[in-house]
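I have placed the structure first, in the form of structure tokens, so that the comments after it can refer back to it.
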Amino acid sequence: MKYEMLIGLNVLDDSKYQEYRKNMRPILFSYGGGFGYDFKISEVLIAETTNDINRVFTIYFPSKAKMEGFFSNPAYIKVKEKYFNMAVESTTIISSYKKNT
């Protein structure tokens, strides 16, 4: 079983966002995490948010505790501040759930 989240972003700078992904990936892997799906989208037909969304992906971890550890890791926070905050206008957590693998 793994813990997974479905997330929507509004990415404003693709190159900075790719740098973020490149630099955060080793930290993500060290927590047993990864990406299941990743889509660039051009149109949202229905949303429960006012945030624009042009990227949708799933991110998973072996447990909710591992996910929380990843997002609070000082090295991850540093990468996020350097790349993510400049590349992404908004984040929408669409859903989080336990998934049987």
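FYI, it's all coordinate maths here, none of it is from the lab. No experiment lies behind these values; they were computed from the predicted model shown. Every residue, glycine as well, gets a Cβ built from its backbone with ideal geometry; the counts of neighbours run over all protein chains shown.
The simple spin-label model puts a point 7 Å past each Cα toward its Cβ; for F57 and N100 those points are separated by 2.8 nm.
Multiplying the residue separation of S72 and S42 by 0.36 nm and removing their Cα-Cα distance gives an extension gain of 7.7 nm. Karplus-derived 3J(HN,Hα) values for segment 63-80, using 6.51 cos²θ - 1.76 cosθ + 1.60 with θ = phi - 60°, are 7, 5, 4, 5, 4, 5, x, 4, 5, 9, 5, x, 5, 5, 4, 5, 5, 4 Hz; glycine and proline are entered as x.
In the structure shown, the pairs K22/K78; K16/K80; K2/K82; K78/K99 are assessed against 18 Å; a Cα-Cα span above that value is assigned to K2/K82; K78/K99.
Charge tally around M1: other residues with Cβ under 13 Å, Lys/Arg +1 each, Asp/Glu -1 each, net +4.
Scattering from segment 1-55 was approximated by placing one identical point on each alpha carbon and applying the Debye formula without solvent; log10 I(q)/I(0) at 0.19 1/Å stands at -0.83. Per-residue 3J(HN,Hα) values for segment 82-88, derived from phi via the Karplus relation 6.51 cos²θ - 1.76 cosθ + 1.60 with θ = phi - 60°, read 6, 10, 4, 4, 8, 9, 10 Hz in sequence order (x marks Gly and Pro).
Over the chain, dividing the summed -39,500 (n - 2.57) contributions of all DSSP H runs of at least 4 residues by the number of residues returns a 222 nm mean residue ellipticity of -9500 deg cm²/dmol. Approximating the spin labels as points 7 Å out from Cα along Cα→Cβ, the L12-to-M86 distance works out to 1.3 nm. Summing Lys and Arg as +1 and Asp and Glu as -1 over all other residues whose Cβ lies under 13 Å from the Cβ of Y97 gives a net charge of +3.
Volume of the convex hull of segment 48-96 (Cα atoms only), normalised per residue: 90 Å³. Compute the Cα gyration tensor for the chain, then decide on rounded, prolate or oblate, letting a ≥ b ≥ c be the square roots of its eigenvalues: rounded whenever a/c is under 1.5, prolate when a/b is larger than b/c in the other cases, and oblate in all that remain. Oblate, because a/c is 1.5 or more while a/b does not exceed b/c.
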